[in-house]
Amino acid sequence: SLYGLFFEDINRAGDGGLYAELLRNRAFDDGIIPQGCKYDAANKLITSETGWTSSFDCYEDEGIAAWECCDGAVMKLTDKGTLNSNRRRALEVNFNGGMITNDGFMGVPVTTHYQFNKRRYRANPLTSPTNKPPQMLCKCGGLLYNYSSSFL
C-alpha cells in the first residue's frame, strides 16, 4: 500500500523536467489563483475547496514575477490577446526604445554560439519612435531575443 508520496524539488526541477524551461513565468501565469481556491492576501495563503492550505504569492503591487523593464519600457498583464482559452494572461509591452528582462531560474544559461529555438505570438506590430529593435535580455546581458511585437 502507498501511504504517502514525497517529491523533492531540487533546483526547481519540477518547473523544468523533460521540457526544460529557460525563462521563468513565460506564460505569465505565476500568481493566478487556482480554480476553486480562496486567497488570503494578508497571509499570502490559498485554501482549496477541501480545506487544504498552502502558501501562495499573487505578486500584488510587486510587478510581474521574473520580469522587469529597463530603459523606459513599460509592461502590464492583460486578459486580451491571449493565445487561447487555456492561456489566461498576455503581456502588453510598450518598449519606448527600452527592453524587458527575465531572470530565469536563478539565471539563464547563455552559451556562446548556441542557437536558442524560440516561439513568439504577436497581436500588434511594434511602432517605435526609434529604429532600435526591442530586446529581451537575460540578467547577464546576453541577447536572447529580438521581439518585433507589442504582445508576448
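The values are calculated or read from the model by the stated rules, or taken from the named source; none is laboratory data. Keep in mind that what you see is a predicted model, and the values were worked out from it rather than measured. We place every Cβ from the backbone using ideal geometry, glycine too, and count neighbours over all the protein chains shown.
Of all residue pairs spaced 6 or more apart or on separate chains, those with beta-carbon atoms under 9 Å, a first member in segment 4-27 that is among the charged types (D, E, K, R) and a second member that is modelled with pLDDT under 65 and not in a loop (DSSP other than H, G, I, E, B) are ASP9/ASP15; GLU21/ARG12; GLU21/ASP15; ARG24/ARG12; ARG24/ASP15. One residue stands out among those in segment 86-111 that are over 14 Å from the mean Cα position of the chain (by Cα) and of a type outside the set (A, V, I, L, M, F, W, C): the one that is surrounded by the most Cβ atoms within 10 Å (Cβ to Cβ), which is GLY98. Scanning segment 39-57 for residues that are assigned to a loop (DSSP other than H, G, I, E, B) and not small (Gly, Ala, Ser) yields ASN43, LYS44, GLU49, THR50, TRP52, PHE56, ASP57. Looking only at residues in segment 1-37 that are of a type in the set (Asp, Glu) and at pLDDT 85 or above, the one that is surrounded by the most Cβ atoms within 10 Å (Cβ to Cβ) is ASP30. Within segment 51-85, the set of residues being loosely packed, with under 15 Cβ neighbours inside 10 Å and on the phi > 0 side of the Ramachandran plot comprises GLY51, TYR59, ASP61, GLY63, ASP71, GLY72. Report the residue count in segment 58-106 for those that are within 30 Å of ILE10 (Cα to Cα), free of Cβ contacts under 8 Å to residues at least 60 places away in the same chain and part of a loop (DSSP other than H, G, I, E, B). Within segment 58-106, residues that are within 30 Å of ILE10 (Cα to Cα), free of Cβ contacts under 8 Å to residues at least 60 places away in the same chain and part of a loop (DSSP other than H, G, I, E, B) number 11.
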